[in-house]
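Step one of this worksheet: look at the structure below.
The values are calculated or read from the model by the stated rules, or taken from the named source; none is laboratory data. Note that the coordinates shown come from a computational prediction; the quantities given were computed from them, not determined experimentally. Heads up, the Cβs are rebuilt from the backbone with ideal geometry, glycines too, and the neighbour counts pull from every protein chain shown.
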Amino acid sequence: MARITGEMKWVIGEAKVFAVATASKDGELNVVPIAFGKVLGEEEILLVDNFMKKTMENLKTNPRIAVSVWKAGDSKGYQFKGDVRIETSGRNFEDGVKMVKAKEPKLSPKAAVIVTVKSIYSITPGPDAGKLLS
């Protein structure tokens, strides 16, 4: 299991968008921007499903995901790869609903996508770009 550090948590907290990549059972790729997400702990990230039609179809047959985030301005960024579980009730789902409703009251979140991070890579430009960090 990979560990999300304090600096990584900060970058996730500052991120304006999460680039989320999935693949179908047959390997057809899909990448979408997701607006709502946060760190749940040292090994998990929460993403909120508002409009994830193709993404959710992919995750139901292939529960692997890659999530990239970066801090605009200084270009510090990370890619998190892992497995997901989908929650439509409970504390994580309710936290996701509150996060969305605080900024976009008209939206109706459908699910919480919990990413259990298995590996972390640097996407910061420079000599360590692409380096496995954890």
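When only residues in region 68-83 that are out of contact with any helix residue (DSSP H, G or I) (no Cβ under 9 Å at 6 or more places or on another chain) and closer than 17 Å to VAL115 by Cβ count, which is surrounded by the most Cβ atoms within 10 Å (Cβ to Cβ)? Top of the filtered list is GLY82.
Would you say ALA129 is within 25 Å of GLY6 (Cα to Cα), of a type in the set (A, V, I, L, M) and part of a loop (DSSP other than H, G, I, E, B)? For ALA129, the condition - within 25 Å of GLY6 (Cα to Cα), of a type in the set (A, V, I, L, M) and part of a loop (DSSP other than H, G, I, E, B) - is met. Residues of region 44-61 being farther than 21 Å from VAL100 by Cβ and buried (at least 17 other Cβ atoms within 10 Å of the Cβ), which ones? Correct list: ASN58 only. I need every pair where a residue in region 1-14 that is free of Cβ contacts under 8 Å to residues at least 12 places away in the same chain and over 18 Å from LEU47 (Cβ atoms) has its Cβ under 7 Å from the Cβ of a residue that is among the basic types (Lys, Arg) and part of a loop (DSSP other than H, G, I, E, B), sequence separation at least 6 or different chains. Qualifying pairs under 7 Å: none. For PRO33, the criteria (1) touching a residue at least 24 places away in the same chain (Cβ under 8 Å); (2) within 20 Å of SER75 (Cα to Cα) hold in every case but one, which is (1). Within region 10-30, the set of residues being over 18 Å from ASP74 (Cα atoms) and either part of a strand (DSSP E or B) or in contact with a Leu (Cβ under 9 Å, 6 or more places away or on another chain) (or both) comprises VAL20, ALA21, THR22, ALA23, LEU29, ASN30. Residues in region 101-108: is at least one modelled with pLDDT of 95 or more, not in a loop (DSSP other than H, G, I, E, B) and not basic (Lys, Arg)? So far as region 101-108 goes, yes, one or more of its residues are modelled with pLDDT of 95 or more, not in a loop (DSSP other than H, G, I, E, B) and not basic (Lys, Arg). Looking only at residues in region 88-134 that are of a type in the set (S, T, N, Q) and in contact with an Asp or Glu (Cβ under 7 Å, 6 or more places away or on another chain), the one that is farthest from LYS76 (Cα to Cα) is THR116. Of all the residues in region 1-35, those that are of a type in the set (Ser, Thr, Tyr) and over 22 Å from THR61 (Cβ atoms) number 1.
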